[in-house]
Amino acid sequence: MKYRRIAIVAPALALCLGAAVPAHADGDPVAGRKKAIRCQNCHGLDGLSKLPEAPNLAGQNMTYMIKQLGEFAAGVRKDPMMSLVAATLTPGDIADLTAYYSSIEITVAPPAH
């Protein structure tokens, strides 16, 4: 378990130290959509949150998501659900999930008057 956490935290640590992560890094958005089944109850398969306390992930910045998942897995950030879920993700899972959610295109429009 110790080595697995290091592997999960490594991408987040690299980001904190200034390493760049290209869009979709090594992640596969198609594989990420399949893996997002585990995220859909809170964040929605479409990345639109189903719970008021869960953030939308659709169109979210990939680098940000990788950092947050690494912090949950390492215990830097704590949340009863996310701390458990993040600890089970492999670096490949994180790459695929973040590639998928960041690839979802969203549009923002002002409210109609």
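The values are calculated or read from the model by the stated rules, or taken from the named source; none is laboratory data. The structure displayed is predicted, hence computed values, not measured ones. Virtual Cβ from ideal backbone geometry, glycine too; neighbours counted across all protein chains shown. These area figures cover heavy atoms from the full protein model, side chains too; ligands, DNA and RNA do not enter into them. Shrake-Rupley method; radii C 1.70, N 1.55, O 1.52, S 1.80 Å.
Rundown of residues vs (1) of a type in the set (Phe, Trp, Tyr); (2) open to solvent by 60 Å² or more (accessible area, probe 1.4 Å), yes/no style:
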{"site": "Tyr64", "(1), (2)": "yes, yes"}
{"site": "Gln68", "(1), (2)": "no, no"}
{"site": "Ala74", "(1), (2)": "no, no"}
{"site": "Ile94", "(1), (2)": "no, no"}
{"site": "Ala112", "(1), (2)": "no, yes"}
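Across segment 93-113, the number of residues qualifying as of a type outside the set (A, V, I, L, M) and touching a residue at least 40 places away in the same chain (Cβ under 8 Å) comes to 8.
Restricting attention to segment 76-92 and to residues that are open to solvent by 90 Å² or more (accessible area, probe 1.4 Å) and not in a loop (DSSP other than H, G, I, E, B), the residue that is farthest from Arg38 (Cα to Cα) turns out to be Pro80. Restricting Pro111, Pro11 to residues that are modelled with pLDDT under 95 and assigned to a loop (DSSP other than H, G, I, E, B) narrows the list to Pro111. Among the residues in segment 61-77, are any in contact with a helix residue (DSSP H, G or I) (Cβ under 8 Å, 6 or more places away or on another chain), modelled with pLDDT under 95 and acidic (Asp, Glu)? No, every residue in segment 61-77 fails to be in contact with a helix residue (DSSP H, G or I) (Cβ under 8 Å, 6 or more places away or on another chain), modelled with pLDDT under 95 and acidic (Asp, Glu). Say we look at segment 96-110 and pick out the residues that are more than 18 Å from Ala54 (Cα to Cα) and in contact with a Pro (Cβ under 8 Å, 6 or more places away or on another chain); which of these is most open to solvent (accessible area, probe 1.4 Å)? Here the residue is Ser103.
Cβ-Cβ distances below 7 Å connect the following pairs, each with a first residue in segment 65-82 that is on the phi < 0 side of the Ramachandran plot, a second residue that is of a type in the set (Lys, Arg) and part of a helix (DSSP H, G or I), and a separation of six or more residues or different chains: Ala73/Arg5; Ala74/Arg5.
Selection of segment 35-62 for residues being open to solvent by 70 Å² or more (accessible area, probe 1.4 Å) and without any contact (Cβ under 8 Å) to a residue 12 or more places away in the chain yields Ile37, Asn41, Leu48, Lys50, Pro52, Glu53.
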